[in-house]
Amino acid sequence: MAQSSSNSQLQPLPSDLLLDLRSDTVTRPTEGMKAAMYAAEVGDDVFAEDPSIRALEARCADLMGHEAALFCPSGTMTNQIAIQVHTRPGDEVVCDRLAHIYNYEGGGIARNAGASVRLLQGDRGRFNLEECLGNINPPDSHYARTTLVAVEDTCNKGGGSVWNLAKLEALSLEVRSRGLAFHLDGARAWNAFVARGQWGDVNAIAAYGRLFDSISLCLSKGLGCPVGSVLVGPNPFIQEAHRVRKVMGGGMRQAGSLAAAGLHALDHHVARLAQDHTHAKQLGDTLAAHPDVASVDPVETNIVIFSLKGNQADEAVQALAAVGIGCFAFGPDKVRLVTHLDMTSDDVHEACRRMTQAQLIGPQV
Ligand SMILES: *Cc1c(COP(=O)(O)O)cnc(C)c1O
């Protein structure tokens, strides 16, 4: 039997924890969202008969400039379905070494798709065109067939880094002209839209969406929904994705209330991400002035990653938990904080006050 690991991310928090900055997945549905969920019309979604899910799928497809979409339980599933549809066993996937699809999906690229991975060394998850093209194998039977390039915008392990639009356009053109598929892990694409000033410009977002052959969007991160991700793409791709979703056990029945939460979030929770970004900058500025902090990665969206003056990330996480702040170690000397819908400006102000007073690391040994 597989050994259960002591994953620090799974340890329970002290019950008096007030300021939960571990992740943007910790939010509770708002009253407005709950009302929308309660009122949702539902049907059997495996038969594609749930009106709320169909409405969410149509809205996401339309928004991203594509033909169709598929509602799924998680972003891991939408990514893994896309990889399975785009590749055959033995193929190779190109992505950055920080990519969620490689680091945080349980080895699913190998396990689910039977594909290998070529990792690129980007800048906080953003690789350049030359490096990408240099890692596409030539059509020679010695090599794995490279069939998919994936990008992550924003990049989680890159500290919420935002891709430059022109770089994505160039990548899309070159990758697709070589016959490869181009996938977006857009778990936090909403944050990227807001950071780039694209939200509200439907043409800009559809044009961005059309750079990709498939797109995974999460509703359960910054948008504050309890569950759900949407996979977007052309009709034939989504038809095949529907089959893979069933195989993976992701076909849901009367799940329309979850889709209603997503529709509510699209109306009410995207533009407000700008607030989360401001809050993250405030946390980053406070940390940059802390004597125990060596550096803070540039804060571009709702994620703050800082490095300590020593490999004592676990101690710093404990020290912050002791003053009621939840966060995760993100490497031996790195800690991650994430702002979200349930963190008010007052909460962030209080978190800054407590962090300033906390001793984050002990004496160096
Ligand atoms: C959270 C996340 C996902 C999907 O995670 P689930 O927990 O399976 O919904 C995918 N990609 C990135 C970048 C993420 O942050």
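Derivation of every value follows stated rules applied to the coordinates shown; laboratory data play no part. Remember, it's a predicted structure, so these values are computed and weren't measured experimentally. Note that each Cβ is placed from the backbone with ideal geometry, even for glycine, and that neighbours are counted across all protein chains shown.
If one computes the Cα centroid of the stretch 142-207 and of the stretch 88-112, what distance in Å separates the two points?
16
Restricting to the stretch 31-268, what percent of DSSP beta bridges are antiparallel, rounded to 5?
In the stretch 31-268, DSSP labels about 40 percent of beta bridges as antiparallel.
Treat every Asp and Glu Cβ in the chain as -1 and every Lys and Arg Cβ as +1, leave all other atoms uncharged, and give the resulting dipole magnitude about the Cα centre to the nearest 20 debye.
420
Where does the charge balance sit around Ala329 when Lys and Arg score +1, Asp and Glu -1, over other residues with C-beta under 10 Å from its C-beta?
That works out to -1.
Taking θ as phi - 60°, what are the ³J(HN,Hα) couplings along the stretch 265-277 by the Karplus curve (6.51, -1.76, 1.60), each to the nearest whole Hz, with x for Gly and Pro?
Couplings: 5, 4, 6, 10, 10, 8, 4, 5, 4, 4, 5, 4, 5 Hz.
Separation of the stretch 38-62 and the stretch 215-261 by C-alpha centroid, Å?
10
Helix-only mean residue ellipticity at 222 nm, the chain, DSSP H runs n ≥ 4 weighted -39,500 (n - 2.57), per residue, nearest 500. What is it?
Calculated from helices alone, the mean residue ellipticity at 222 nm is -11500 deg cm²/dmol.
Please compute the net charge surrounding Val151, taking Lys and Arg as +1 and Asp and Glu as -1 over other residues with Cβ under 9 Å from its Cβ.
-3
For Phe328, which sequence-distant residues (separation of 5 or more, or a different chain) have an amide H within less than 5 Å of its own amide H, given hydrogens modelled in the peptide plane?
For Phe328, the qualifying residues are Arg336.
Quick one: if you take sqrt(5λ) for each eigenvalue of the C-alpha gyration tensor of the chain, what semi-axes come out, biggest first, whole angstrom?
Largest first, the chain gives 33, 26, 19 Å.
From the backbone phi of the stretch 140-152, what are the Karplus-calculated ³J(HN,Hα) couplings (6.51 cos²θ - 1.76 cosθ + 1.60, θ = phi - 60°) in whole Hz, Gly and Pro given as x?
Taking θ as phi minus 60°, the curve returns 10, 5, 5, 9, 5, 7, 7, 10, 9, 10, 10, 10, 10 Hz for the stretch 140-152.
Toward the positive end of the charge dipole of the stretch 31-268, about the Cα centre and with charges on Cβ (Lys, Arg +1; Asp, Glu -1), which of Asn203, Tyr104, Ile215 goes farthest?
The residue sitting most towards the positive pole is Tyr104.
Please report the relative contact order for the chain, taking Cα pairs under 8 Å with a sequence separation of at least 6, and give it as a percent rounded to a whole number.
Relative contact order, the chain: 24 percent.
For Ala181, which sequence-distant residues (separation of 5 or more, or a different chain) have an amide H within less than 5 Å of its own amide H, given hydrogens modelled in the peptide plane?
Under 5 Å from the amide H of Ala181 lie the amide H atoms of Leu148, Val149, each far enough along the sequence or on another chain.
Could you list which residues have their amide H under 5 Å from that of Ala68, counting only those 5 or more apart in sequence or on another chain, with H placed in the peptide plane?
Amide H neighbours of Ala68: Gly233, Asn235.
Among the lysines, select those whose C-alpha is under 28 Å from the C-alpha of Lys157, and discard any that sit fewer than 8 residues away in the same chain.
Lys167, Lys221, Lys281, Lys309, Lys334
What list of ³J(HN,Hα) values in whole Hz, one per residue of the stretch 167-173 in order, does the Karplus curve 6.51 cos²θ - 1.76 cosθ + 1.60 (θ = phi - 60°) give from phi, with Gly and Pro shown as x?
The phi angles translate into 5, 5, 4, 5, 4, 4, 4 Hz.
Among 294-303, 335-344, 37-46, 185-194, how do they line up by average Cβ neighbours within 10 Å per residue, starting with the highest?
185-194, 335-344, 294-303, 37-46
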